[in-house]
1. Are there trypsin sites (Lys or Arg not before Pro) in segment 350-426 that DSSP marks as loop and that have at most 12 other Cβ atoms within 10 Å, and which are they?
2. Would you pull out the residues with amide H under 5 Å of Glu155's amide H, same chain only if 5 or more places away, H placed 1.01 Å from N?
3. Using the Karplus equation 6.51 cos²θ - 1.76 cosθ + 1.60 (θ = phi - 60°), what ³J(HN,Hα) coupling, rounded to whole Hz, does each residue of segment 272-282 give in order, writing x for Gly and Pro?
4. How about Lys428: which lysines have a C-alpha closer than 16 Å to its C-alpha, ignoring those fewer than 8 places off in the same chain?
5. Dividing the alpha-carbon radius of gyration of segment 241-339 by 2.2 N^0.38 Å (N being the number of residues), what value is obtained?
6. Which residues in segment 357-393 have a backbone N closer than 14 Å to a point placed 7 Å from the Cα of Ala280 along the Cα-to-Cβ line?
7. Over 24 Å between C-alpha atoms is what I'm after, so list which of Lys269/Lys304; Lys185/Lys395; Lys106/Lys269; Lys106/Lys320; Lys338/Lys395; Lys338/Lys390 land there.
8. Work out the FRET efficiency for Ala260 and Leu30 from their Cβ-Cβ distance, taking R0 = 41 Å, and round it to the nearest 0.05.
Amino acid sequence: MLKLFDGDISHAEFERLQQMMREDVSLRDLYLEHAAMEHVMDDLVGTQSVSSHRKILSMGSSMRRSAMRWAGIAAVALLTMGVWVGWNMISDISVRADMRFSYSSKWSVDGEAGVHSPELKVGQKLRLEYGAVELSLPKGVVGIVEGPATVELVEADLVRMVEGRGSFMVPEEGHGFAVETERMKVVDLGTAFTVVTGWGERDEVYVNQGSVEVHAADNSRLLEVGQALRVSALGELEDADYDNGQFLAKLPGSVQLVFADDFESHPYKDGEVGGGGFHAWSAVGKTSGGYFNPRGHGVYYRNKNLDDTGPSSGLLDGMKGANVGFLYSAKQVGIERKIGVLAEPGTYTLQLALGVRDNRSATYGGYTISLMSHGRVLQEIRSNEVPGPKNAFTKVVLSYDATNLPEGVSYGDPLEVRIMCNAAGAPKRCYLDFDNLQLSFMARSLEK
């Protein structure tokens, strides 16, 4: 009980304490007396220093202790009225997930990078720009999430993913654990499963062991081991091919940022367009394009945050700098370049931010993004649908499992990337705006 008021109680210890207090009236009375004493002592030493307060009460961290004490006093008031509902309020304070990252991962919690104590508390959001994290959740649940990802711990048995690929291993005592995305909710029935969201037009679920229930809009489906499902933005469910490579059984030791381009090779002024091609990129087709610095109330976009003199210095979420790249043509055109070599077995993750203009005369052209070797496509993503809202940049993600290379491709061969505008609105000239290209690599440990 002292650990509860000190704020140092573990989740398992708190669960045991709750059960004991439900069964033992005398223990509840003792709790009430102790909480009341805490309140009185707080009044008595209210004018003393924090260190003196700690000494008198023999407590630990003042901030955590204070939060726990006041939650306890609130529970006392409810218990006095005969209402047994205060425990969830207290337990939320102690619910957390320990985090362990692959070396060189880039991450932040609620916007704060590199916190000293890597733990995720209820209500906090983890932003993983690239790399991977192992989440040790309550009741023995373990999740390994690959970036780019945004994850929130909602409560002890619920995680919300805005984007990312998460592999979750749930023991028997964790049955009922759920992962929620914008489009669906996946409820565990004793499983190991993977959820992919925010990396394309559809969310995906892969069941590695056991079974899960998938709920989306008015649709539900039971998925068993070896099955997979895609979920559209409207909540439509469609079968998908199961891919064991989607499941990550062990946290990779490190992540490497292989290549990045922020398309800032020339400092253009606000609203200035430079259509003279791309630095270090080769044209595919007769490309019309280059770099430009979009204004927020100009011809292309209507968002004041794009103004270089505005509060965000001309940047929208997803952008790396004030400039962006663009392609503009009535035919399919693009750019490509060598970015490295296929080094070893593992996973390559490519992310690119795509912009959608607010201009009636501008036609969005769709995209094809390819990872290649010797001009041979290893993996690509393609869509003619608008990737996100107008006046914003939305990230698209390509993931390639390089543990089994196709015939004719070997480790040490060149690695290339290609960005194409599909010209989906032809015969009109179409645009594709893009920024912040990143390619990362992780050696993977796969469960067979």
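1. Values: sites: Arg357, Arg360, Arg376, Arg382, Lys390, Lys395, Arg418; in loops: Arg357, Arg360, Lys390.
In loop regions of segment 350-426 (DSSP not H, G, I, E or B), the sparsely surrounded trypsin sites (Lys or Arg not before Pro) are Arg360.
2. none
3. Result, rounded to whole Hz: 7, 10, x, x, x, x, 10, 6, 6, 10, 9.
4. Correct list for Lys428: Lys286, Lys331.
5. Working: Rg = 17.7 Å, N = 99, 2.2 N^0.38 = 12.6 Å.
Dividing the Cα Rg of segment 241-339 by 2.2 N^0.38 Å gives 1.41.
6. Those under the cut-off are none; the list is empty.
7. Values: Lys269/Lys304 16 Å; Lys185/Lys395 22 Å; Lys106/Lys269 30 Å; Lys106/Lys320 15 Å; Lys338/Lys395 22 Å; Lys338/Lys390 32 Å.
Beyond 24 Å between Cα atoms: Lys106/Lys269; Lys338/Lys390.
8. Values: r = 59 Å, r/R0 = 1.44.
Calculated value: 0.10.
Every number here is computed from the coordinates shown, using simple stated rules; none is lab data. Fair warning: this is a prediction, and the values are worked out from it, not measured in the lab. As a convention, Cβ positions derive from the backbone with ideal geometry for all residues, glycine included, and neighbour counts pool all protein chains shown.
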